[in-house]
Every structure is written in C-alpha cells, then in structure tokens.
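Input: a single structure, listed below in structure tokens.
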Amino acid sequence: MNRRSLSAESLHSPPSSDSTSSKHVILKTRTHDRWTVICSIIGLVGILHASWMLIAPEHWYHNLPAGVPEYGPLNVHFIRDIGCIFLLVGCGMIVAAFYLPYRLPLFTMHTAFYLLHMFVHVYEVVSGRIRLSMFWTDLPGVYVPAMIFFILNVFLIKQVRSQGTVLYHRVRK
C-alpha cells in the first residue's frame, strides 16, 4: 500500500474502474419520511424532558404530574443520572430521524428503555411497594408511551423487513 492510498483524498474519491466489478453498494445514510417526523418529535420531547431533569431536578421532582414523591425522597443526583439517560435516548431518536441505517436499532433501544422503565413501575405496584392507585397516576407518563413506542417499533420492524435491503441502493458506473 502506498502513501497515496492512505490519504484522506483517496478515502473520498470514487472507486477506480475495475473490470471485476461494475456495481458498488453504497449505504443510503439520509432519508426524510414520516418516520423522520415521528422520531424527531419523540427525540425533542425526550431532550426537553431530560433538560428539565438536568437543569432543575428539584422542580422536576415536585412538579411532574406523575407523583414522583410517592416513589421516595428527593435525590438530585439520581434525577440527574436518569436525566442523562433520557438525554441519550432523545439524541438517539434525533439521529434515527435522519439516518436510516441507525433508525431501527436506535428506535428499538429507545423502546426497550421505556418498556423496562414500565416494567419497573409494574413490579413496584404488583409487589406492594407502591399503592395500586399509582397505576392510574403513571398511566399517561409511563405505560402509554411505552406501549405506543412498542407498537411503533413493531410497525418499523415490519417496514424494514418488507423493504428488504432498502438500506442499500446500487449505483452503476
């Protein structure tokens, strides 16, 4: 391998004409469709929620309609830790909105976080740690989003499977 082949210029130049290959598979990285809108909205809401948790954890603790004080005393450090997770999954959804190859894995990770979060709440109600009426308090902010994301994830998986190798397109020389 010579010096020219390792330069940045050679990494971005079109492939040389090769008699053995007339087609090249190129990754389609950007797309704009209804999933772009869905992922963008979900991501922005997640980032806003995370920002509230990171900037004003005491305000979040006392003013989130979900009755957070029912789950235990104020722990600013813990609220900020969870805010970091919401920030990561929110940013992941923004990336998923615009980059097709990452959409399904990022959306699935986002959905998994919300489902696991929901299962923690279910466990706490079923085990008796939290009173049963907290189910209704948590319904709009924990259970409904997790179920919506799960359903959307199923639709996204079906779309990706039905389109087969839609993540790639062939370019002719």
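The values are calculated or read from the model by the stated rules, or taken from the named source; none is laboratory data. Since this is a predicted model, take the numbers as computed values, not measurements. Heads up, the Cβs are rebuilt from the backbone with ideal geometry, glycines too, and the neighbour counts pull from every protein chain shown.
List of remarks:
- Meets criteria (without any contact (Cβ under 8 Å) to a residue 12 or more places away in the chain and under 20 Å from residue 32 (Cα atoms)) for residue 90: no
- Residues in region 50-81 that are assigned to a loop (DSSP other than H, G, I, E, B) and polar (S, T, N, Q): 75 alone.
- Against the test of being in contact with a strand residue (DSSP E or B) (Cβ under 8 Å, 6 or more places away or on another chain), surrounded by 13 or more Cβ atoms within 10 Å (Cβ to Cβ) and either more than 23 Å from residue 36 (Cα to Cα) or of a type outside the set (Lys, Arg) (or both), the options 106, 100, 115 yield a single qualifying residue, 100.
- Search result, residues across region 118-156 that are surrounded by fewer than 14 Cβ atoms within 10 Å (Cβ to Cβ) and not hydrophobic (A, V, I, L, M, F, W, C): 123, 127, 128, 129, 131, 133, 140
- Pick from region 87-124, criterion among the aromatic types (Phe, Trp, Tyr) and under 16 Å from residue 149 (Cα atoms), ranking: farthest from the chain's Cα centre (by Cα): 119
- Which listed residue, of 149, 155, is in contact (Cβ under 8 Å) with a residue 24 or more places away in the chain and either aromatic (Phe, Trp, Tyr) or under 18 Å from residue 37 (Cβ atoms) (or both): 149
- Evaluation of residue 92 against the conditions (1) surrounded by fewer than 17 Cβ atoms within 10 Å (Cβ to Cβ); (2) modelled with pLDDT of 95 or more shows that the sole unmet condition is (1).
- Picking from residues in region 37-85 that are free of Cβ contacts under 8 Å to residues at least 24 places away in the same chain and polar (S, T, N, Q), the one that is surrounded by the fewest Cβ atoms within 10 Å (Cβ to Cβ) is 63.
- Enumeration of residues in region 115-160 that are hydroxyl-bearing (Ser, Thr, Tyr) and closer than 16 Å to residue 64 by Cβ: 137, 143
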